[in-house]
Amino acid sequence: MYDEMIKEALRADFEREIGLALEEFPLDHKFSRRHLRQMKRLFRLSEEKSFDKTVGHIPLRKAVVVALIAVLLTAILTGASMLIYKLWDNYRIRDLDLYSLLEITDIENAPKTLEQRYELGIDLSSYKRKVHIDEYFEYMVEYTNEKEKRYLVFEQTTKDVYQNIFLNTEDAIVPPAEVEINGWKGLFFESKYEDMVYIMDIDDYMFEIAGGGFTREELADIVKSIRKAEK
């Protein structure tokens, strides 16, 4: 009985402190799509274990979100001295323990909508294709080839979407590094969870090309094939 009372008191104190912290440090950052998928996978694994579906009177999903915010705030507040800033032409990167924060710095004159759509100029007919479209700021195509155990994600967005993006670079094999392809500047990184990713700045749009089962050179050739789609 006393254990439950202590737990309830700790939970109430935890929620109060998190609420005060969020008022002082509002979070308006966006996580990358693959980072969110990784988080969902972790949540799903935790739910499959022998935990109750609620924590006290708080739904488990809400408790997990609150815990994630607490971890993020802890990294920001207590690990500020560990931040490493990398400044390149159009990017600013802050390295944290589990991810990197990418900020695009030249968005003022960039298009606010997808006025011109782009595509990959390579043959991907052997891949299953799934399209996600928001006509204003995002166009994404997922390609999968189960036989060859390969996947490819091609995403075009407006720059304001990429103004503050968390990249999952936990256990990075190759940390974010500046690259240039076809005269386009961008970033490349490779990690245990994200595989290989190119983030390119092309004609004031941002492109994310991620792949699993490819070599870095093969993925670079895919980036080289990016072209304007016929309207």
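The values are calculated or read from the model by the stated rules, or taken from the named source; none is laboratory data. What you are looking at is a predicted structure, and each value in this text was computed from that prediction instead of being measured. All Cβ positions, even for glycine, are placed from backbone atoms using ideal geometry, and neighbour counts span all protein chains on display.
Among the conditions (1) over 17 Å from Met200 (Cα atoms); (2) β-branched (Val, Ile, Thr); (3) without any contact (Cβ under 8 Å) to a residue 60 or more places away in the chain, Ile122 misses just one, which is (3). Within region 101-155, if we keep just the residues that are in contact with a Gly (Cβ under 7 Å, 6 or more places away or on another chain) and over 16 Å from Tyr198 (Cβ atoms), the residue that is surrounded by the most Cβ atoms within 10 Å (Cβ to Cβ) turns out to be Glu148.
Condition (residue is in contact (Cβ under 8 Å) with a residue 12 or more places away in the chain, charged (D, E, K, R) and either not assigned by TED's automatic domain parsing to the domain that holds Glu218 or not in a loop (DSSP other than H, G, I, E, B) (or both)) applied to region 147-155: is it met by at least one residue? Yes, region 147-155 contains at least one residue that is in contact (Cβ under 8 Å) with a residue 12 or more places away in the chain, charged (D, E, K, R) and either not assigned by TED's automatic domain parsing to the domain that holds Glu218 or not in a loop (DSSP other than H, G, I, E, B) (or both). Scanning region 175-199 for residues that are touching a helix residue (DSSP H, G or I) at 6+ places or on another chain (Cβ under 6 Å) and part of a strand (DSSP E or B) yields Ile181, Met196, Tyr198.
Within region 114-148, can you find the residues that are closer than 26 Å to Asp160 by Cα, modelled with pLDDT of 90 or more and among the β-branched types (Val, Ile, Thr)? Matches in region 114-148: Val131, Val141.
In this entry, Tyr198 is excluded by the filter for residues that are assigned by TED's automatic domain parsing to the domain that holds Glu108, under 14 Å from the mean Cα position of the chain (by Cα) and either farther than 24 Å from Tyr143 by Cβ or surrounded by fewer than 18 Cβ atoms within 10 Å (Cβ to Cβ) (or both). Selection of region 206-231 for residues being hydroxyl-bearing (Ser, Thr, Tyr) and modelled with pLDDT of 95 or more yields only Ser225. When Ile122 is tested against (1) hydrophobic (A, V, I, L, M, F, W, C); (2) under 18 Å from the mean Cα position of the chain (by Cα); (3) assigned to a loop (DSSP other than H, G, I, E, B), only condition (2) is not met. Of the residues examined, Glu230 is one that is surrounded by fewer than 14 Cβ atoms within 10 Å (Cβ to Cβ) and part of a loop (DSSP other than H, G, I, E, B). Of all residues in region 156-174, those being without any contact (Cβ under 8 Å) to a residue 40 or more places away in the chain, assigned to a strand (DSSP E or B) and of a type outside the set (A, V, I, L, M) number 0. Has region 203-214 got at least one residue that is over 14 Å from the mean Cα position of the chain (by Cα), without any contact (Cβ under 8 Å) to a residue 12 or more places away in the chain and not in a loop (DSSP other than H, G, I, E, B)? No, region 203-214 has no match at all. Could we say that Thr144 is among the β-branched types (Val, Ile, Thr) and in a strand (DSSP E or B) here? Spelling it out, Thr144 is indeed among the β-branched types (Val, Ile, Thr) and in a strand (DSSP E or B). For Gly211, indicate whether it is in contact with a Leu (Cβ under 8 Å, 6 or more places away or on another chain), buried (at least 20 other Cβ atoms within 10 Å of the Cβ) and assigned by TED's automatic domain parsing to the domain that holds Asn109. Judged against the criteria, Gly211 is a match.
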